[in-house]
Amino acid sequence: MLEFLFKYPGTVFSKGNLVLLGGWPVWLLLLLIVGGALALGWPVWKQRDRTVGRAKGFRLAVLWLLQCGMLALLLLLLWQPAVSVSSLKPQQNIVAVMVDDSRSMGLQEEGKTRKDQVLGALNSGLLEQLGKKFQVRMYRFSGALDRVEKLEEITAQGNASRLGENLSQVATESATLPVGAIVMFSDGADNTGGVDLETVNLLKRQRIPVHTVGVGREKFNKDLEITDVQMAPRVLADSRLSALVTLKQRGLKDQKARLSVKSGTSTLASQDVVLKADGTLQAETVVFNAGTAGLKNISVSADVLPGEENPNNNSVARVVNVEGRKPRILYIEGEPKWEFKFIRRAVEEDRTLQLATMLRTTQNKIYRQGINAPAELETGFPAKVDELFAYQGIIIGGVEAGYFTAAQMELIKQFVDRRGGGVLFLAGRGGLGEGGWGKSAAADFLPVSLPDKKGTFHRDPAYVELTQAGRESLICRLDENAEKNTERWKKLPYLADYQEAGTPKPGAVVLVDAAPTSKGKYPLLVTQNYGRGRVGVMATQGTWRWQMTQPLADKSHEMFWQQLLRWLVQDTPGHVLASTPKSVLADEQKVLLRADVRDRNYLPMTDAKVVANIIGPAGTAEQVQMGPDPLTPGTFTAEWRAEKPGAYVAEILAKKGEEETGRDVLNFRREDGVAENFGAEQNRELLEKLASETGGKYYKVNDLSKLPEEISYSEAGITVRETKDLWNMPAVFLAILLMRGAEWLLRRRWGVV
Amino acid sequence: MLVRKAVMVLVGAMTLISASYAFQRARSFFEEDEANIPLPPDANEKTEYTFARLRYPSFRGGAAYWSARGNWTVDYPKADRQFVQGVRRLSRIHTKSVETVVDLETDEIFNYPWVYVVEAGHWDLPEAQTKKLREYLLRGGFLMTDDFHGTFEWDIFTASMSRVFPDRPIVDIENKDAIFHVLYDLDERFQVPGIIMFYSGRTYEYDGIEAKWRGIYDDNGRIMVAVCHNMDLGDAWEWADHPRYPERYASLAYRVGINYIIYAMTH
């Protein structure tokens, strides 16, 4: 209907420019319109206070406006309006028809695969119509782009869609070919990063419109999908690890699904979840023990529910490097106390952590335990960078701030900020506010603003209360089941003492509160990140009662301290910290390697020589030079392609001259045939956006009748400029009739002759 | 024959007179044990460490004078109070100025991870108490036993202790063990006598001629029970201020006691 009224398809108007062919100047048109309006308005103005017939004021103005509109339209027609639009020269341009050949196109919908829907559309005259106007080049695309001669070559067996890469390749080819437009058939299900801005800009620069044809259902009837799993890529042996699982479901609201975490064939943890509203992303946390040191291939899966249309999107894989290193923690305590003994005992049961302690037994004597050599800590708390930075964490018990020299205090700060270590402050007669820490140089990096008063340490009973953040934190997980964990915390015996820790700073997280039996509630365990490291406050020295007053078999005390201290040191980096954005390359080859390289004092090292020695499947080995990132001193990066599916180990080595300054190991795995299982619903939003950004249009696969006509209007390829008259549009005559008819009717109604 | 009888009567009379004198002197020391020592002004201060004395059922309860109020009360409370003064002065341990008494009938003992047992050669723990003591020690509690002497009292001590830990031997603590070095280096230890030395002139009692520094270890090589056999550290603490009690014994007793506390707070 609209096309009848306006004579041309909408594309002509959206792509064309309005021109006036009359030759007379535009200002004259405007002048005549204004002059005419004034001339018509003068008699109306004169009679503004009089009643003409039954019309006065507003009614007269309406009649005047109709007359003006009529006059303006007639004058415009005299100037001969037209649309100037570029269109492709027949038979001189290429239209690239790209068909998604990935496995998601093989999904069955209403008895037909998506691929068959596409082939059906192409065979039912579309190709023929396109062929009459253009040279048609057929491509299939998935992981790579291939030109095909016959539609039979499209098999829906490819691993990933890679819309961006393949579009970019077609656009690059068009630099030497007159590609006038791209028609892309796809479900838009791209799990390799979508269409990047660079590709869109390339298409825009070359003015190639991408007309997208959406295939596949936009919403499944019944499906459960794990859309993402986040977990730490590296963890200390025997640590608890959390998998943050994001789920999406259709048609299964309120049903129960079982999430499982497996390493190989052994199940590490499982839990039931109730599915939330359709289409919403639901986050669930599954906690499990990472087990012994070694590379772990972890899979997180949801059991397939009855009637699921796509059972292949219920499992996601990740690689976790369970590290065998044993971080060392320096614990300085100001006076003998039971907490000291029981913390030591908790750590002794941990095969991973090492504790070196120095205890002030008398005013002038320090008792050392857990030292590696007689000279370690012999002269007291370390005063040199290399001595202190040899540890991964520090615990400062009830020691007054004044016990440390200004240089030592600065070292402690740098230990967190620069070295990336963890510092934990404990309560005590000489701890926190009582020890003057609130007014020390350390006040900057404490997670709390300590109270500016004395008498904050109380040897009175206090129960513990887990906060919401504490319920979610691995530090406080005494049971892998979240509900049982909360119950367990409620049953913990009271603490022997507590200390008022003040107010948590913005950015700090309170995990546990102390609720004294006498009064109030105070933050007990508060953590925050500072610089590259982390700082915590544990405002009690009385958790030893958890050990002494609970049955021997209860491991709450040991578990809590082991987990708190693992948090303290787990992320403390070495001189080289290697990372990659993705540990599992799902149908991808490109790996970005990154290394943060520091010198012996943990200052960014810009003059290092950094290489990655990569060992791949079947023993393939390659050495990759990593280059410095100009924007981030000390950071080195390299991009590399994992040519074969399988497991890869990259050992990243930093040297200064011939001297090695540090190394780190990184693991990743390439998996093929995975990505297409996910995001299999038609991503209409992506297809529409791609079309609109490039000047194309989105079509449904079963409604392509206008495509051959609309595709002609393009500024790419070999074009011709067409001028299309507008004066003879039916809409113009309709407008004239409507305006005159309306005026006539109103005059009759209002008695204005 | 008459002469012989007269000598025997004389000897007997002398023995009786001596024993009576000794008993009276002992009574005077004992009465000092029981003396109503006023509480120090800071007795209610809340501290980290409290000297906890174990109240236990006595073997042959009531048969001996000391058992009249229980063997566990020997030297109580003077020894405890004098000892903690030393702990306060010589270390950074935040110490309560008065002792507390705990037993194995309630769970209160679990609030005191260091417990002292005097006259352990006279205890007789019922089954339930041996189980509780075992649990206490395995959770992390520390027990110091003192002031029992000779084979006979050793056998009584081990009769109960072997029911606490049927599977763990009582062994000599080696010189190199941390318990003898945690604060003071105690490589040269000697027998610390009780006040009986004033009358007998000997540093030992019964057949307990040689001081034994023994212990029971846990699976991680930590001492749970420190057994001070054939010595009387409690008396040394109690009479450290007595002009007749040699300083060297008192000093060693204090050092051992403080080492044992710090060991219990660090291991």
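For A:Ser102, the residues whose amide H sits under 5 Å from its own are A:Gly158, ignoring neighbours fewer than 5 places away on the same chain, with H placed 1.01 Å from N.
Between 0 and 90 degrees, the angle of helix A:556-570 with respect to the longest Cα principal axis of chain A falls at about 60 degrees.
Net charge dipole, the stretch B:47-264: roughly 440 debye, given to the nearest 20, about the Cα centre with Cβ charges of +1 for Lys and Arg and -1 for Asp and Glu.
State the antiparallel share, in %, of DSSP beta bridges confined to chain A, rounding to the nearest 5.
70 percent
Sequence-ordered 3J(HN,Hα) estimates for the stretch A:110-125 from the Karplus curve with 6.51, -1.76 and 1.60 and θ = phi - 60° stand at 6, x, 10, 7, 4, 4, 5, 4, 5, 4, x, 5, 5, 7, 8, x Hz, glycine and proline given as x. Summing +1 for each Lys or Arg and -1 for each Asp or Glu among the other residues whose beta-carbon sits under 13 angstrom from that of A:Arg351 gives -3.
The amide H of A:Asp350, built 1.01 Å from its N in the peptide plane, has no neighbour under 5 Å, considering only residues 5 or more places off or on other chains. For chain A, the normalised intensity computed at q = 0.06, 0.07 Å⁻¹ comes to -0.59, -0.73 (log10 of I(q)/I(0), Debye sum over alpha carbons, equal scatterers, no solvent).
Ordering of A:434-444, A:205-215 by packing is A:205-215, A:434-444, highest average first (other Cβ atoms within 10 Å, averaged per residue). Loop-located chymotrypsin sites (Phe, Trp or Tyr not before Pro) in the stretch B:163-267 (DSSP state other than H, G, I, E, B) with a sparse environment of at most 16 neighbouring Cβ atoms within 10 Å: B:Phe190, B:Tyr206. Here the simple spin-label model places points 7 Å from the Cα toward Cβ, and for A:Leu295 and A:Glu387 these points are separated by 4.1 nm.
Relative to the 2.2 N^0.38 Å rule of thumb, the stretch A:328-570 has a C-alpha radius of gyration ratio of 0.94. Computed on chain A, with alpha-carbon pairs under 8 angstrom and 6+ residues apart, the relative contact order is 17 percent. Charged neighbours of A:Phe288, selected by a Cβ distance under 11 Å, balance to +3 (K, R count +1; D, E count -1).
State the dimensionless ratio Rg/Rh of the stretch A:12-158 (Rg: radius of gyration of Cα atoms; Rh: Kirkwood radius).
Numbers: Rg = 29.2 Å, Rh = 21.2 Å.
Answer for the stretch A:12-158: 1.38.
Annotation for the stretch B:165-267: GluC sites (Glu not before Pro) lying in DSSP loop with at most 16 further Cβ atoms inside 10 Å of their Cβ are B:Glu174, B:Glu188, B:Glu210.
Here the Karplus relation 6.51 cos²θ - 1.76 cosθ + 1.60, evaluated at θ = phi - 60°, turns the backbone of the stretch A:493-507 into coupling constants of x, 5, 6, 6, 7, 7, 9, 5, 9, x, 9, x, 7, x, x Hz, with x for every Gly and Pro. For the stretch A:328-570, the antiparallel share of DSSP beta bridges with both residues in that region comes to about 55%. Per-residue shielding of A:356-363, expressed as the average number of other chain Cβ atoms within 10 Å of the residue Cβ, stands at 4. If you plug the beta carbon distance of A:Lys253 and A:Glu218 into 1/(1 + (r/R0)^6) with R0 = 22 Å, you get a FRET efficiency near 0.75.
A Förster radius of 56 Å, combined with the Cβ-Cβ distance separating A:Phe58 from A:Lys706, puts the computed FRET efficiency at roughly 0.80.
In chain A, the longest principal axis of the Cα atoms and the axis of helix A:26-46 are about 80 degrees apart.
Distance from the C-alpha centroid of the stretch A:570-615 to that of the stretch B:244-267: 55 Å, rounded to the whole angstrom. For the stretch B:120-163, pairs of C-alpha atoms spaced more than 11 angstrom apart make up 65 percent of the total. Each Lys or Arg adds one and each Asp or Glu subtracts one; over the other residues with Cβ under 12 Å from the Cβ of A:Ile329, this totals +3. Remark: the A:Asp49-A:Val665 segment gains 212.6 nm on full extension, using 0.36 nm per residue and subtracting the alpha carbon distance.
How would you order A:655-662, A:223-230 from highest to lowest mean count of nearby Cβ atoms within 10 Å? Don't skip to the answer; put the middle values down first.
Values: A:655-662: 13.5, A:223-230: 19.5.
Result, highest mean Cβ count within 10 Å first: A:223-230, A:655-662.
Separation of the stretch A:91-121 and the stretch A:694-751, taken as the distance between their Cα centroids, equals 31 angstrom.
Normalising the Debye intensity of the stretch B:47-264 to I(0), with uniform scatterers on Cα atoms only, and taking log10 at q = 0.10, 0.11, 0.17 Å⁻¹ returns -0.39, -0.47, -1.28. Peptide A:94-106 has a mean shielding of 0, counted as Cβ atoms of other protein chains within 10 Å of each residue's Cβ.
Students often check this: by mean Cβ neighbours within 10 Å, which of A:569-575, A:9-15, A:23-29 ranks highest, and how do the rest follow?
Numbers: A:569-575: 20.6, A:9-15: 17.0, A:23-29: 11.0.
Ranked from most to least packed, the peptides come out as A:569-575, A:9-15, A:23-29.
Counting Cβ atoms of other protein chains within 10 Å of each residue's Cβ and taking the mean over peptide A:328-339 gives 4.
Take the alpha-carbon centre of the stretch A:206-257, take the same for the stretch B:209-235, and report the distance between them in whole Å. Going from one Cα centre to the other spans 64 Å. Place a point 7 Å from Cα of A:Trp42 in the direction of its Cβ. Which residues in the stretch A:716-753 have their backbone N less than 19 Å from it? In the stretch A:716-753, the label zone of A:Trp42 (backbone N under 19 Å from the point 7 Å along Cα→Cβ) covers no residue. Of the trypsin sites (Lys or Arg not before Pro) found in the stretch A:340-400, the ones in coil according to DSSP and having at most 16 other Cβ atoms within 10 Å of their Cβ are A:Arg351, A:Lys365, A:Lys384.
None of the figures in this text is laboratory data; all of them are computed from the coordinates on show. What you see is a predicted model; the values in this text were computed from it and never measured. Virtual Cβ from ideal backbone geometry, glycine too; neighbours counted across all protein chains shown.
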